[in-house]
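Engineer: Provided herewith is a single structure, encoded as structure tokens, for subsequent inquiry.
Each reported figure results from applying straightforward, stated rules to the coordinates on display, with no laboratory input. Bear in mind the structure is a predicted one, so any value in this text is a computation, not a measurement. Virtual Cβ from ideal backbone geometry, glycine too; neighbours counted across all protein chains shown.
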């Protein structure tokens, strides 16, 4: 007896699952389908016992599948000429883009950047100016080196004069 009850519950569950799957999880549509089938079955059974025929289908009420109840106005069908066109292929995805080649930019001298003349992703050639550095420190170093050179030239002139005098 327990096995029979278990089999009956399994059959009912399978039927409910089938109807829900058939109606894409729409419980109202599944319930309407079940009640429609029960009403059709009871009408056919009662008619069969009463000795009458089952009601004939009316025009436009074809037995359909899924949500097609067979009611409503017929849908007009139109035709169109086939055309050949290019179809753009667009693919979207999530990921990382890595360049084929990368370059590390190093300054020949130290200093603070005061102007950036290139943007990320710009194409550059050898010799292009990429950044402008603060040159005040370099100018001061050049001035110190020039003063040291002038001092050394003066020392050279003095040493040559001393050499001439001593000869």
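Engineer: As a test of understanding, state the convex hull volume per residue of the stretch 77-167 from its alpha carbons, in Å³.
Structural biologist: 230 Å³
Engineer: So, R0 is 41 Å and r is the distance between the beta-carbons of residue 10 and residue 75; what FRET efficiency does that work out to, to 0.05?
Structural biologist: On the way: r = 40 Å, r/R0 = 0.98.
That pair, residue 10 with residue 75, gives E of 0.55.
Engineer: With the crude spin-label approximation of a point 7 Å out along Cα→Cβ, what separation in nm comes out for residue 128 versus residue 85?
Structural biologist: 4.0 nm
Engineer: For the peptides 134-142, 25-33, what is the packing order when you average, over each peptide's residues, the other Cβ atoms within 10 Å and list the highest mean first? Provide the component values of the computation, followed by the final result.
Structural biologist: Details: 134-142: 11.8, 25-33: 13.4.
Packing order, densest peptide first, comes out as 25-33, 134-142.
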